[in-house]
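The values are calculated or read from the model by the stated rules, or taken from the named source; none is laboratory data. This is a predicted model, so every value here is computed, not measured. Positions of Cβ are backbone-derived with ideal geometry, glycine not excepted, and every protein chain shown enters the neighbour counts. For the accessible areas, the whole protein counts, side chains as well, though only heavy atoms, and no ligand, DNA or RNA atoms are used. Shrake-Rupley method; radii C 1.70, N 1.55, O 1.52, S 1.80 Å.
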Amino acid sequence: MPKRDFLTIPDLTRDEVQRVMALALDMKAGRYLDKPLAGKTLAMIFTKSSTRTRVSFEVGAQQLGGQGIFLSARDIQLGRGEPIRDTARVLSRYVHGIMIRTFAHSDVEELARYSTVPVINGLTDLLHPCQVMADLMTVRESLGGWAGKTVAWIGDGNNMANSWINAAGLLGFELRIACPEGYDPDLHIMRANAGKAPIHVMRDPAQAAAGAHVITTDVWASMGQEEEAEKRRVAFQGYIVDEELMTRADKAAIFLHCLPAHRGEEVSDAVLEGPQSRVWDEAENRLHVQKALMAALMGQGAVRLP
């Protein structure tokens, strides 16, 4: 079978997203006990540190009967200037899949171009598709699905916002993004999804949150933006998800955050720890949805995507 990569949510069809979600839910409920990765190895390349990405992929590969190998930039020749295309071709001779968490999205695209085994995007500065897949799983668990729902993103137009745009464009739900001027999502991603779903960029968090079913956010300064932290702290004043903002949402609305969170900045402690928060389910769902993705891309039998 030809190899499939998962670099961005539209790498899957709408039906394939539903299929991956159903498999992830079966895995979480203990209804799926097969070992589709038996005898297989996932190479995990990290040039950005992580808690959730590393643990969920490594544990997930093991639970599916395989193993994950952690590779930092210090562990492999990428850190000494070996071209990505060479690393891709060499690793393809050793392992059955590659997950990479790095800075430039172009590096992930080049890795996938030269790799003969599936490549999974664990995060880039442009996109974070695995996290939004876990978020969608959480929405499905908590609200029954995303059809007819409105998602409000409050804060930076970063890799999470970009992936939410891709998800809305593929699946058709309404997405409102409230961000300060100068911190908009990627223009190319906005254009690619224009007309596919009601996607709006605005400046007022209260307007975005009004009647929304999902309120979600992220830190104001992502990894690699530490020097901009103070500038961003000023720019994002008023973009906190607090109890007052949550009252503007639908009464059954849930709150999501990809973590780590900076309490008192992008979210109040009361919301993060409150009854509408689903952040711990969301974090757990990284494990299940990534297991489903690994099974679909690297596995054997009926679970594998054509």
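Data overview
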read-out	value
Expected 222 nm ellipticity per residue - DSSP helices of 4 or more, -39500 (n - 2.57), all of the chain, to 500	-12000 deg cm²/dmol
Probe 1.4 Å, accessible area per residue of the chain, Å²	42 Å²
Packing-based ranking, highest mean first, of 215-227, 196-208 given that Cβ atoms within 10 Å are counted	215-227, 196-208
Size of electric dipole in the stretch 135-254: Cβ of Lys, Arg +1 and of Asp, Glu -1, about Cα centre, debye, nearest 20	500 debye
Difference of contour (0.36 nm per residue) and Cα-Cα distance, residue 26 to residue 104	24.7 nm
Of all accessible heavy-atom area on the chain, the percent that carbon and sulfur account for (1.4 Å)	49 percent
Ranked by how many other beta carbons lie within 10 Å on average, peptides 33-39, 93-99 from highest	93-99, 33-39
FRET efficiency estimate (nearest 0.05) - Cβ-Cβ, residue 74 to residue 244, R0 45 angstrom	0.50
Count of lysine pairs in the chain with Cα separation under 22 Å (8 or more residues apart, or interchain)	10
With Cα atoms, 0 to 90° folded angle of helix 52-63 axis to the chain main axis	40 degrees
Three-way shape call for the stretch 1-100 based on the alpha-carbon gyration tensor, with the a/c threshold at 1.5	prolate
Spin-label pair residue 270/residue 113, simplified geometry with 7 Å Cα→Cβ offset, distance in nm	5.2 nm
With Cα atoms, 0 to 90° folded angle of helix 279-298 axis to the chain main axis	30 degrees
Cα gyration tensor shape of the stretch 188-240, rounded if a/c is under 1.5, else prolate or oblate by comparing a/b with b/c	oblate
Rounded tilt (10° steps) of 129-143 against the dominant C-alpha axis of the chain	60 degrees
Theoretical gain in end-to-end length, residue 55 to residue 33 [0.36 nm per residue, Cα-Cα removed]	5.9 nm
Anisotropy class of the stretch 114-246 from Cα gyration tensor, a/c 1.5 cut	oblate
Contour excess over end-to-end distance, with Cα ends at residue 94 and residue 191 and 0.36 nm allotted per residue	31.0 nm
Label-point separation, residue 237 to residue 252 (7 Å along Cα→Cβ), nm	3.9 nm
Unit charges at the beta carbon, dipole of the stretch 3-44: most positive-side option, 44, 20, 7	44
Mean Cβ neighbour count within 10 Å, used as a protection proxy, ranking 154-167, 70-83 highest first	154-167, 70-83
Positive-end residue, the chain charge dipole about Cα centroid, Cβ charges, pick of 270, 236, 187	187
The stretch 44-101-the stretch 249-284 distance, computed between alpha-carbon centres (Å)	30 Å
